[in-house]
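J.: Structure provided below as structure tokens; questions to follow.
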Amino acid sequence: MLKDIYNNANERMDQAIEHSRVELSKVRTGRANPDILNSIMVEYYGSMMPLNQVSTISVPEPRLITLQPFEKILIPIIEKAIMDSKLGLTPNNNGNTILVPIPSLSEERRKDLIKYVHQLIEDGRISIRNIRRDSLHETKDFGDSEHISEDEIHRQETEIQTLTDNHVKLLNTCLLYTSPSPRD
């Protein structure tokens, strides 16, 4: 059972890191990244569909995202969805494709993005620490109910702390590779 608690904590911490990576990939840094459009949904034949399932998304230039809808009737619907998404993007169309230019960042926007990225990483750290707290509590409760030695409980707590430290280091590594650079 102690191994199950450890494995569960490891899996949940991995999920917390993956969630942070997904959220960081959505940050608009001044470079065209099709992932920023992943959260946009459009109505397609009466149901809400993700943008990437009703069009082909590509990045032909560093500051341009193009969308090729599967049907032309989707062009105004996709444009409206992008405008309503509050991403600060203004789509254009040429009759067949939707062009989404990515504006360059101002100094103020860069500072806001840096704060936002740090907040996302801190939220990830908090999630990992909450998972550690839950696992330690579960370990202590299991030890009390099953009369497991305090040495064994302490060893498990040390392993969970090591696991937590490793996941926080991994999350900090995400921060190093995702912070917007001054040239973006």
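The values are calculated or read from the model by the stated rules, or taken from the named source; none is laboratory data. Quantities reported herein were computed from a predicted structural model and do not represent experimental measurements. All Cβ positions, glycine included, derive from the backbone under ideal geometry; neighbour counts span all protein chains shown. Side chains included, ligands, DNA and RNA excluded: accessible areas come from the protein's heavy atoms. Shrake-Rupley method; radii C 1.70, N 1.55, O 1.52, S 1.80 Å.
J.: Residue 108 passes all but one of (1) in contact (Cβ under 8 Å) with a residue 40 or more places away in the chain; (2) open to solvent by 80 Å² or more (accessible area, probe 1.4 Å); which number fails?
T.: Going through (1) in contact (Cβ under 8 Å) with a residue 40 or more places away in the chain; (2) open to solvent by 80 Å² or more (accessible area, probe 1.4 Å) one by one, residue 108 breaks only (1).
J.: Restricting to region 111-157, what's the tally of residues that are open to solvent by 100 Å² or more (accessible area, probe 1.4 Å) and over 21 Å from residue 10 (Cα atoms)?
T.: 8
J.: Yes or no: residue 113 of a type outside the set (D, E, K, R) and either outside any helix (DSSP H, G or I) or out of contact with any Lys or Arg (no Cβ under 9 Å at 6 or more places or on another chain) (or both)? Working first, answer last.
T.: Working: of a type outside the set (D, E, K, R): yes; either outside any helix (DSSP H, G or I) or out of contact with any Lys or Arg (no Cβ under 9 Å at 6 or more places or on another chain) (or both): no.
Answer is no for this residue.
J.: Look through region 1-15, keep the residues that are of a type in the set (A, V, I, L, M, F, W, C) and open to solvent by less than 70 Å² (accessible area, probe 1.4 Å), and return whichever of them is nearest to the chain's Cα centre (by Cα). Walk me through how you get there before you give the answer.
T.: Residues of region 1-15 that are of a type in the set (A, V, I, L, M, F, W, C), as a first pass: 1-2, 5, 9, 13.
Right, trim to open to solvent by less than 70 Å² (accessible area, probe 1.4 Å) and you get 2, 5, 9, 13.
Details: 2: 30, 5: 26, 9: 20, 13: 14 Å.
Among residues in region 1-15 that are of a type in the set (A, V, I, L, M, F, W, C) and open to solvent by less than 70 Å² (accessible area, probe 1.4 Å), the one nearest to the chain's Cα centre (by Cα) is 13.
Listed here are the residues, each with its yes/no results for (1) in contact with a Lys or Arg (Cβ under 8 Å, 6 or more places away or on another chain); (2) under 30 Å from residue 52 (Cβ atoms).
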| site | (1), (2) |
| --- | --- |
| 66 | no, yes |
| 72 | no, yes |
| 78 | no, yes |
| 98 | no, yes |
| 102 | yes, yes |
| 120 | no, yes |
| 124 | no, yes |
| 127 | no, yes |
| 134 | no, no |
